[in-house]
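So the structure is just underneath, and the comments pick up after that.
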Amino acid sequence: MTVKQVGLVGSGIMSSGVAEVVAKAGMDVALRSRTQEAVDAMVAGLEKSLAKQVEKGKLDDAASAEIRGRVRAVTDLSELSSCDLVLESVVEDITVKKQLFTDLDDVCANAKILATNTSTLSVGDIAAATKNPERVCGIHFFNPAPVMPLVEIVRAEKTGSATVSGARTFAEACGKTVVDVIDRAGFIVNSLLFPYLNNAVKALDAGLATRDDIDAAMKGGCNFPMGPLELLDLVGLDTSLSILEALHDEYQDPNYVPAPMLEQMVGDGRLGRKTGQGFYDYSK
Ligand code: 3HC
């Protein structure tokens, strides 16, 4: 299965990062968001990222222009009709995702793979909103997608073998390391990572150490590139809260009960880097 044209749906940080990865791998990208303003912002983000790489000498002007030229910004879902593979990274809301997959199933009649980048929702439930669940799987990139080497390929109960192998070939063509996982909330990485992040918030709240010392301890003591509180700010506190809630729903394990401080910060609109305020201040 050869993927030449990829549709990416959603205007968040994931779709724009994946757009860069896919275009760099030589595939054409249709980047779709509901509003022109949102797709324009994503394209501007991509151009900024490419310009930075040219500045650093990692790309030359011609390569940058070629990569940029592979990305088409669209607002109408019907513009994805010729895509071989569509990957959505819209809001983590099962109703929204199901409706999107029902629509994609009609619009993208010839696509070989319809994939979700969900981190916690059931791929099987999403696939059930289509008439062809065998072509639905999870392709889970990590944040920031241009840098993180891993992709989890999620096989739901009805996912076909050709879909799984096509998704693997696609992710490998993007230069990623691929792991296979069954359809359980959090898959491998988030089911193991989020109890740790949650416990870091509980530790801060309990006064175990300061924010800076908790982060410094995990960087220096475990050689992690970021401390847990910095990483929560990168992922987004609202996203992190919804991941923990979904993990708790699936496993009923008290380790996944969100730290009250995390709930409080989300309630206060302190969502991390995206709002300029989280455990750290990004407004300056
Ligand atoms: N987009 C593109 N490139 C980026 C980037 C971004 N958002 N952020 C950093 N980079 C690039 C830089 O340009 C630089 O490239 P270069 O080496 O070619 O010059 C390289 O990455 C290193 O960046 P920096 O020197 O600025 O900073 P660091 O060395 O501190 O690295 C980091 C930044 C890559 C974000 C690193 O701190 C890291 O790996 N952190 C851990 C991230 C992580 O764990 N992500 C997983 C989150 S969980 C998740 O995604 C699951 C989801 O479902 C919630």
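The values are calculated or read from the model by the stated rules, or taken from the named source; none is laboratory data. Computed from a predicted structure; not experimentally measured. Please note: Cβ atoms are built from the backbone with ideal geometry, for glycine as well, and neighbour counts cover all protein chains shown. Just the protein is used for accessible areas: all its heavy atoms, side chains included, with ligands, DNA and RNA removed. Shrake-Rupley method; radii C 1.70, N 1.55, O 1.52, S 1.80 Å.
Scanning the range 179-194 for residues that are at negative phi, open to solvent by less than 20 Å² (accessible area, probe 1.4 Å) and not polar (S, T, N, Q) turns up A185, F194. With respect to (1) in a loop (DSSP other than H, G, I, E, B); (2) touching a residue at least 60 places away in the same chain (Cβ under 8 Å), the lone exception for S242 is condition (1). Among the numbered conditions (1) closer than 21 Å to T163 by Cβ; (2) touching a helix residue (DSSP H, G or I) at 6+ places or on another chain (Cβ under 9 Å), the only one that A109 does not meet is (2).
Of these, A145, A162, A129, which one is farther than 22 Å from E20 by Cα and part of a loop (DSSP other than H, G, I, E, B)? Explain how you work it out, then say what you get.
Values: A145 fails: farther than 22 Å from E20 by Cα; A162 fails: part of a loop (DSSP other than H, G, I, E, B).
Testing whether each residue is farther than 22 Å from E20 by Cα and part of a loop (DSSP other than H, G, I, E, B) leaves just A129.
So which of T163, T159, T177 is touching a Leu at 6+ places or on another chain (Cβ under 6 Å) and in the same structural domain as K52 (by TED's automatic domain parsing)? Before the answer, list the steps.
Working: T163 fails: touching a Leu at 6+ places or on another chain (Cβ under 6 Å); T159 fails: touching a Leu at 6+ places or on another chain (Cβ under 6 Å).
The match here is T177.
One residue stands out among those in the range 135-178 that are within 18 Å of Q5 (Cα to Cα) and among the aliphatic types (A, V, I, L, M): the one that is surrounded by the fewest Cβ atoms within 10 Å (Cβ to Cβ), which is A162.
Run down D103, D40, D93 and say which single residue is of a type in the set (D, E) and at pLDDT 95 or above.
On the way: D40 fails: at pLDDT 95 or above; D93 fails: at pLDDT 95 or above.
The conditions single out D103.
You will find that of V136, V147, V164, V151, the residue that is closer than 24 Å to S82 by Cβ, among the β-branched types (V, I, T) and within 16 Å of the ligand (Cβ to nearest atom) is V151 and no other.
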